[in-house]
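The values are calculated or read from the model by the stated rules, or taken from the named source; none is laboratory data. All figures in this text were calculated on a predicted structure; none of them were measured in a lab. Please note: Cβ atoms are built from the backbone with ideal geometry, for glycine as well, and neighbour counts cover all protein chains shown.
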Amino acid sequence: MVIINAFLLLLISKTCLSQNLDQLFRKINEETGNFSSIAAHLAWESSVNPGNPELPVRAATYQKNRIKWQDRTCSELATLYSRQSLDSIQRRQYYLLCRGPKYTYDETRHTSALYEDLISIYSDAEICIPSDGANISINNPTQVEAAILDYLSNVKQFFNFEHGDPILFAAKIAVNRYFDNRNMLCLKGEEDFDKMMAFSRNGEVLKWLWLSWREKVGPPMKKPYRSLVAIENRAARRNGYSDIGASWRDELEIPQLRKVCHRLHKEVKTLYSLLHGVVRFYLRRFYGEAVPERGPIPAHLLGNLWSQNWEPLADLLLPQTIDLDESIKKMNWTVMHMARRAEDFYQSLGLPAMTETFWRESVFARENNSDTRCHGTAADMFQDGDFRLLYCSGTSKEDFYVLHHELGHIQYYMAYENQPALFRQANTALHETIGDTIMYGVLTPQHLNRLGLINDSLLYTYNSNENNHIDKEFNNIKNGNKQDDEKKQRFKRDTSKAKHTKELDNVLQEFKDPELFEDQKHEINEEDASKDTPKLFEDKDVTTDTIILLKQALNKIPQIPFSLIMDEYRWKYFEGSLKGDNEEFWRMALEWQGIAPPGFRGEEYFDVGAKFHVPDNTPYVRYFLSSFLQHQLFEKLCKASVFGRRSAEEPVPETISLTRCDIYGSKAAGKILKDFMSRGHSQHWSEILEETTGEDYISAEALNRYYEPLYNLLVKFVRAHNVPIGW
Ligand SMILES: [Zn+2]
């Protein structure tokens, strides 16, 4: 009887405790939601209207309350946790709430000021040159390029070569405003600089842009960044981490993240090296000796301010490309058209439309307030249906991509809206994955045709020699049919004489199918380095699909080593294990990306800070991981679309190329996405991945399958023209 009574008492007290705990967690979630909402409004306001004088006071009050609340809550939960009173869901909520660096109030005040310093150095960067009274529009890149050239030639006239490199000198005097001229042409922010980096093909202009940007934003960041990291490290150690990098890595919940990243990088290194070698080959044809035959590619010649996206070089590699920017222009699309089309893609999968608040509150252009900080952001305001986009969009293909990307985040916010507040977030690598996954569907020839961006004849070029529209374009009057045949014959001859280079051997050792390259041990054909630049693809291989795939690869593959360096570098910086900050950055860029800066970069610079996410203090390895995850997810969506059911286990039939997997309208694919996103942070990412895609790990297999047709064409070209690989 006594035993039964004790048992009953225990049962009652356990039930009471669990009821109390339920109540406690309901309250914690409610409070978390309130804090998140205040934080979201503060962040929104500081991006849209950074000069608002009320902001610092509001931010201080928020931080004070939040720290007090969080300290109290976390110590209460720690006690319950150590008594093993929490169930698995509560344990996860406790972990999510209480992990990460633990700041004191003074520290948050100090870090807020430092963030503000850093981000304003970056966002407000403006560099002006005299423009001699000419009325130059910053939106006319031809005019801007001419003005820069003019400026450079003026500087050179007065240049004393004791000053060293004239272009660097021209960058320094522009950045330090050593001239006073009423007519100035000003490039403002990363948008203006990157636009010109993508446009110009003048080595000196590119070098000036590249140097000026780094001259302007890097050096002033050095000191505040170091102070910021010192505080962050202290706060991270207070919560048991060795440094802030360890805390960043913990956020991703991948044990031995560094090892995993290195493994993934290795799995794509062959593809990257092939692309790198071929791009270098064409850049050398264009820029001559400025580009080495075998060494690293000069970073400023890759079509992008950070060398992370080489798509603007596509026309150097292909005599005829598909220019989606042009198509968009011809269609007269506005930013609103593009946003509506992005929304439509998600809706076609059965996902919800954007909310009324979204259309009312989002900012799509710089509009009246020119101070607005425009780097693309999707915001969850933690209030009913209040999700917003901040992106000063143009109407290029890249803008179309960013809109899909950001809407992917908003779809995520909407999908987990009904989770408790602590689960209204997700693993950041998964969060970055949705929009990019969708983009593989958008960039199928079928969808581009549906959007009116490519015409019917381009739609049907796949694997077809006859009626091949692009073939026809290539076989135009210039070549004539006969000449074309001769070229084909010569190409065949050259191919059979090509040599399997040593460098390629080294790279390809890692590739799983080395026999692909046997029978290639022939003599070098000296004449092969011939007068005209060889075509990347044989005519029969030039299809809409291969062009789109090459452009995708140029856009996406260079991001992979770049995104790894951004965090590997910072992890080392946080640990204090770098020897020479800037030097080490370029050592890593050389090793992983095979690129080199135009000229010596000493320790007075801080070149990593030339990328937004450093002053913004956002971890970057999430994008690296997403590069792989988006292919895993896309392949799963592709299968669901092909078979019409979400649980299809069969592989995608060989007759359906992944680059032609038109997922638009597939409700089965939409169900997978909904399931994937609606779980938010309620489970470990690997469980979510396994339960929705059948794989609980991140791998490069799907990515390599996607690019396989291009891989084979690149290998063929490298063999045929004896293109050096490696650096
Ligand atoms: Zn994103």
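Select, from Lys68, Lys102, the only residue that is charged (D, E, K, R) and more than 31 Å from the chain's Cα centre (by Cα).
Values: Lys102 fails: more than 31 Å from the chain's Cα centre (by Cα).
One residue alone meets the criteria, Lys68.
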message: Take the residues in the range 538-556 that are in contact with a Ser or Thr (Cβ under 6 Å, 6 or more places away or on another chain) and not β-branched (Val, Ile, Thr); name whichever of them is surrounded by the most Cβ atoms within 10 Å (Cβ to Cβ).
response: Leu549
statement: When the range 373-399 is checked residue by residue, the ones that are more than 19 Å from Tyr623 (Cβ to Cβ) and of a type in the set (Phe, Trp, Tyr) are Phe382, Phe387
- request: Report those helices (runs of 4 or more DSSP H) wholly inside the range 135-203 carrying at least 2 residues which are exposed (fewer than 15 other Cβ atoms within 10 Å of the Cβ) and more than 31 Å from the chain's Cα centre (by Cα).
  value: 141-157
- prompt: Looking at the range 425-438, which of its residues are away from the ligand (no atom under 11 Å from the Cβ) and surrounded by fewer than 23 Cβ atoms within 10 Å (Cβ to Cβ)?
  reply: Gln425
Any hit, the range 101-117, residues being over 21 Å from Thr32 (Cβ atoms), surrounded by fewer than 16 Cβ atoms within 10 Å (Cβ to Cβ) and without any contact (Cβ under 8 Å) to a residue 24 or more places away in the chain: yes
task: Check Leu317 against each of (1) surrounded by fewer than 18 Cβ atoms within 10 Å (Cβ to Cβ); (2) touching a helix residue (DSSP H, G or I) at 6+ places or on another chain (Cβ under 6 Å); (3) not acidic (Asp, Glu) and name the one condition it does not meet.
output: (1)
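In this structure, is Leu448 away from the ligand (no atom under 12 Å from the Cβ) and either closer than 19 Å to Asp325 by Cα or surrounded by fewer than 19 Cβ atoms within 10 Å (Cβ to Cβ) (or both)? Talk me through it step by step, then tell me what you get.
Numbers: away from the ligand (no atom under 12 Å from the Cβ): yes; either closer than 19 Å to Asp325 by Cα or surrounded by fewer than 19 Cβ atoms within 10 Å (Cβ to Cβ) (or both): yes.
Here the answer is yes, as Leu448 does meet what is asked.
For every residue, the table says whether it meets (1) touching a residue at least 60 places away in the same chain (Cβ under 8 Å); (2) touching a strand residue (DSSP E or B) at 6+ places or on another chain (Cβ under 9 Å); (3) not small (Gly, Ala, Ser).
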site: Leu271; (1), (2), (3): yes, no, yes
site: Arg294; (1), (2), (3): yes, no, yes
site: Ala299; (1), (2), (3): yes, yes, no
site: Asp315; (1), (2), (3): no, no, yes
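This table checks each residue for (1) away from the ligand (no atom under 16 Å from the Cβ); (2) crowded, with 18+ Cβ neighbours inside 10 Å.
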| position | (1), (2) |
| --- | --- |
| Thr357 | yes, no |
| Val363 | yes, yes |
| Asp380 | no, yes |
| Leu389 | no, yes |
| Asp399 | no, yes |
| His405 | no, yes |
| Tyr412 | no, yes |
message: Among the residues of the range 703-714, what is the count of those that are at pLDDT 95 or above and touching a Phe, Trp or Tyr at 6+ places or on another chain (Cβ under 7 Å)?
response: 1
task: Would you mind telling me which numbered condition in (1) at pLDDT 95 or above; (2) farther than 27 Å from Leu714 by Cβ Asp581 fails?
output: (1)
statement: Inside the range 562-596, the number of residues satisfying the requirement of being part of a loop (DSSP other than H, G, I, E, B) and out of contact with any Phe, Trp or Tyr (no Cβ under 6 Å at 6 or more places or on another chain) is 5
Residue ID - nearest to the ligand (Cβ to nearest atom), chosen from residues in the range 365-378 that are surrounded by fewer than 20 Cβ atoms within 10 Å (Cβ to Cβ) and among the charged types (D, E, K, R): Arg366
- line: When the range 80-100 is checked residue by residue, the ones that are touching a residue at least 40 places away in the same chain (Cβ under 8 Å) and among the basic types (Lys, Arg) are Arg92, Arg99
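Conditions tested, residue by residue: (1) buried (at least 17 other Cβ atoms within 10 Å of the Cβ); (2) closer than 26 Å to Ala378 by Cα.
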| position | (1), (2) |
| --- | --- |
| Ser36 | yes, yes |
| Glu45 | no, yes |
| Asn65 | no, yes |
| Lys68 | no, no |
| Asp71 | no, no |
| Ala78 | no, no |
| Leu86 | yes, no |
| Arg91 | no, no |
| Arg99 | no, yes |
